[in-house]
Amino acid sequence: MLVPASIAWACVAPVSLTTSSPTVQPGGIVHIIGRETAPGAPIEIHLDSVGGPLLLTVTGQVGGMTSKWEADVPMPTNITYGKHVLYAVQNYRNMNAGVPRAAIYVGTEPEPAATPDPRASTLDVGSGPSGTSLVLLGLGVAAAGLLIVGGLSVLAGSKRSKPTAEPVKAS
């Protein structure tokens, strides 16, 4: 299973797109970081969908399985406030099975990260058996087990045939 998974990973680069800061104002600049794209093939940065408005074309990036490239993307002055998504589209050997994307927040703060439910600080423990009753119960179970094993061994021993003496033959 490990070999097929490693071969699949080697054939499909896990391309990604992130931002150094997800917040920006209309007309501002967003610094993006792309990873593991094809070398030299242009990368188009689109707004809100793969076919959305083209904001920037990145060229001359190195590329490959350990590559990293960075670019500054200018935001339109008429962009609406709220959450938007940048898409990095690279039409190179059908590498866009999963188009890398990064969320940005124009004129607003990012949504807070989900927080886990608080853990209970105390645990209600109901009344249960006392320590003494647990010890007595354990001893009773052990005694019953010994009686059962002893009874089975007596039964097994009584069914054996007893040795009988045979007369010695004279020659």
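Observations on the model:
- The residues on offer are MET75, MET65, and the sole one that is of a type outside the set (Val, Ile, Thr) and modelled with pLDDT under 90 is MET65.
Table: residues versus (1) under 30 Å from LEU56 (Cα atoms); (2) at pLDDT below 80; (3) in contact with a Phe, Trp or Tyr (Cβ under 9 Å, 6 or more places away or on another chain); (4) basic (Lys, Arg).
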residue: THR80; (1), (2), (3), (4): yes, no, no, no
residue: ASN96; (1), (2), (3), (4): yes, yes, no, no
residue: THR115; (1), (2), (3), (4): no, no, no, no
residue: ASP124; (1), (2), (3), (4): no, yes, no, no
residue: SER130; (1), (2), (3), (4): no, no, no, no
residue: GLY138; (1), (2), (3), (4): no, no, no, no
residue: ALA142; (1), (2), (3), (4): no, no, no, no
residue: LEU152; (1), (2), (3), (4): no, no, no, no
residue: SER158; (1), (2), (3), (4): no, yes, no, no
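- Contact map, the stretch 100-113: residues that are farther than 21 Å from THR77 by Cβ paired with residues that are modelled with pLDDT of 85 or more and of a type in the set (Gly, Ala, Ser), Cβ distance under 9 Å, separation 6+ or inter-chain. Pairs shown: PRO100/SER16; PRO100/GLY34; PRO100/ALA88; ARG101/ALA88; PRO110/ALA103; GLU111/ALA103.
- For ALA88, the criteria (1) modelled with pLDDT of 80 or more; (2) loosely packed, with under 10 Cβ neighbours inside 10 Å hold in every case but one, which is (2).
- Number of the condition not met by THR80 [criteria: (1) closer than 15 Å to ILE104 by Cα; (2) not in a loop (DSSP other than H, G, I, E, B)]: (2)
- Scan of the stretch 19-43 for residues that are of a type outside the set (A, V, I, L, M), more than 24 Å from THR108 (Cβ to Cβ) and not in a loop (DSSP other than H, G, I, E, B), ordered by number: GLY34, ARG35
The values are calculated or read from the model by the stated rules, or taken from the named source; none is laboratory data. Just so it is clear, the model here is predicted, and its values are computed rather than measured. With ideal geometry, Cβ positions are generated from the backbone for all residues, glycine too; neighbour counts draw on all protein chains shown.
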